[in-house]
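Engineer: Sharing a structure, written as structure tokens. Questions coming.
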Amino acid sequence: MGETPIKGRIYNKGLGHKDQVAGVLADDFHSGLVEALKTRGYSLEAPGLTLLLAREFGFCYGVDRALGYAYETCRRFPDRRIFITGDVIHNPRVNERLRSLGVKYLPQKDEDPDRLEGIGPGDVVLLPAFGAEREDVDRLEELGCTIVDTTCGSVLLVWKSVEKYARDGYTAVIHGKHYHAETRAACSQILKIPGGRYLVLLDLNEARIAAEMIRDRLNPREFLGTFHQQISPGFDPLRDMEKIGLANQTTMLSSESLAVGGILREAMADRYGMDKLGEHYRSFETICSATQDRQDAVEELLKQKLDLLIVIGGHNSSNTGHLAEISHRTVPTYHVEGARDLLGADAIRHLPVGAAETVITKNWLPGRDLRVGLTAGASTPDRQVGRVIELILKFKGLSCEDYLKPSGG
């Protein structure tokens, strides 16, 4: 029989089954082939082909932790319904695996405002690594659910920063995607603070528009029309752009976040003077270290005179998309979700940078003496990276058994 439900209990430090699920996690996500490449200097030399791995790629600590908690949950509560409020991480293969273990994915709030109806004290609800909106967590507690919180520590740091801005009377400006689960959760934390206000800026263009508002060169009505989906309720540009504090969605492109900060800081200095800048502008770097490490590793990989680069990870993964954004201007780049997108030596399905739909590119793996780089987003298992490597070798008429131990599975 299952355990007696404990009303409203929240687990955020594991469930006591870490050792029992370690082997299953390794079977599902580990790759012997990838481990072998790491021991060989992150490279593989074969006739007519050199494969080069980024020095940092794939699962980060937060993702490892979130998946560990999810697997522990399935083991701890085998006789109870287990739900999750959104993708545990942005990787379709990983989410398929959790579904196969019986985890039920709740629809998004904009798809079904009543998505929590029918959930009660006998149910377990996972909160994903990106966090969950405050009102959903409050409602789940009221319903008496058992909650397993996998929110990443880097995300919690963002929350701490923007909450402090709100308490100190500053509008939190977040460089991020307003529709992303992580940013929506952060905005909900701001609104729990009395008088809390936020503005979400996607890119440098939006930062420049906000800077014009700060300099009092933009009609407030035009500002509200531009950002109506990206501001807190009752936002008043004349009032709420006087004092701002900058934070970032953890998976954004670091260089762009720094540039956004520079644009806003300069506008504040123009408006109020350098001597009063500290009264009107604050910033706190909230790009997570794993995201930064993977971006830096791609920059280093691009120095290796590559013929092409494959980026592996969910097409809805922000951090993965930014890896492709870094490389695509330097070398042909193919952002694939996994080995299924490698259709053959003559065709690959991938998502171009800035595109909404995948395309199929022909003759993507031409000729001999190729130098192919590989990296993967923080939500991508080594197992998927290993399978991509195996296919590339196969397409070139090579067998990984001749060079390295295959990943298996």
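Engineer: Inside region 217-230, can you point out the residues that are surrounded by 14 or more Cβ atoms within 10 Å (Cβ to Cβ) and touching a residue at least 40 places away in the same chain (Cβ under 8 Å)?
Structural biologist: The answer is 230, and nothing else.
Engineer: Might you check whether a residue that is among the basic types (Lys, Arg), out of contact with any Asp or Glu (no Cβ under 9 Å at 6 or more places or on another chain), open to solvent by 10 Å² or more (accessible area, probe 1.4 Å) and free of Cβ contacts under 8 Å to residues at least 24 places away in the same chain occurs anywhere in region 68-84?
Structural biologist: Looking through region 68-84, none of the residues is among the basic types (Lys, Arg), out of contact with any Asp or Glu (no Cβ under 9 Å at 6 or more places or on another chain), open to solvent by 10 Å² or more (accessible area, probe 1.4 Å) and free of Cβ contacts under 8 Å to residues at least 24 places away in the same chain.
Engineer: So, one more: Mind listing whichever residues of region 85-117 are small (Gly, Ala, Ser) and open to solvent by 60 Å² or more (accessible area, probe 1.4 Å)?
Structural biologist: 100, the sole residue that qualifies.
Engineer: Tell me, which residue of region 41-61 that is open to solvent by less than 30 Å² (accessible area, probe 1.4 Å) and at positive phi is farthest from the chain's Cα centre (by Cα)?
Structural biologist: 48
Engineer: Kindly indicate which of 192, 177 is of a type in the set (Lys, Arg), under 17 Å from the mean Cα position of the chain (by Cα) and open to solvent by 30 Å² or more (accessible area, probe 1.4 Å).
Structural biologist: 177
Engineer: Inside region 9-40, can you point out the residues that are in contact (Cβ under 8 Å) with a residue 12 or more places away in the chain and loosely packed, with under 12 Cβ neighbours inside 10 Å?
Structural biologist: Result: 16, 27.
Engineer: What is the number of the single condition among (1) modelled with pLDDT of 95 or more; (2) among the hydrophobic types (A, V, I, L, M, F, W, C); (3) open to solvent by less than 30 Å² (accessible area, probe 1.4 Å); (4) under 28 Å from residue 377 (Cβ atoms) that residue 202 does not meet?
Structural biologist: The number of the failed condition is (3).
Engineer: Right, here's the next one. Within the set of pairs 6+ apart or on separate chains, which have a first residue in region 365-379 that is farther than 17 Å from residue 304 by Cβ, a second that is surrounded by fewer than 21 Cβ atoms within 10 Å (Cβ to Cβ) and aromatic (Phe, Trp, Tyr), and C-beta atoms under 8 Å apart?
Structural biologist: Filtered contacts from region 365-379: 365/395.
Engineer: Is region 231-239 home to any residue that is touching a residue at least 24 places away in the same chain (Cβ under 8 Å), within 20 Å of residue 160 (Cα to Cα) and either surrounded by fewer than 24 Cβ atoms within 10 Å (Cβ to Cβ) or under 18 Å from the mean Cα position of the chain (by Cα) (or both)?
Structural biologist: Within region 231-239 (the criterion being touching a residue at least 24 places away in the same chain (Cβ under 8 Å), within 20 Å of residue 160 (Cα to Cα) and either surrounded by fewer than 24 Cβ atoms within 10 Å (Cβ to Cβ) or under 18 Å from the mean Cα position of the chain (by Cα) (or both)), the answer is yes, since at least one residue qualifies.
Engineer: Let me ask something else. Here is a list: 263, 193. Which entry is in a loop (DSSP other than H, G, I, E, B) and in contact (Cβ under 8 Å) with a residue 24 or more places away in the chain?
Structural biologist: 193
Engineer: I would also like to ask the following. Out of 161, 154, report the one residue that is open to solvent by 30 Å² or more (accessible area, probe 1.4 Å) and in contact (Cβ under 8 Å) with a residue 12 or more places away in the chain.
Structural biologist: 154
Engineer: Just checking, how many residues over region 203-229 are part of a loop (DSSP other than H, G, I, E, B) and within 14 Å of residue 247 (Cβ to Cβ)?
Structural biologist: Total satisfying the criteria: 0.
Engineer: Now a separate question. On the given criteria, is residue 252 buried (at least 16 other Cβ atoms within 10 Å of the Cβ) and assigned to a helix (DSSP H, G or I)?
Structural biologist: no
Engineer: Name every residue in region 271-281 that is part of a helix (DSSP H, G or I) and exposed (fewer than 14 other Cβ atoms within 10 Å of the Cβ), in order of residue number.
Structural biologist: 274, 275, 276, 278, 279
The values are calculated or read from the model by the stated rules, or taken from the named source; none is laboratory data. None of the values given here were measured: they were computed from a predicted structure. As a convention, Cβ positions derive from the backbone with ideal geometry for all residues, glycine included, and neighbour counts pool all protein chains shown. Side chains included, ligands, DNA and RNA excluded: accessible areas come from the protein's heavy atoms. Shrake-Rupley method; radii C 1.70, N 1.55, O 1.52, S 1.80 Å.
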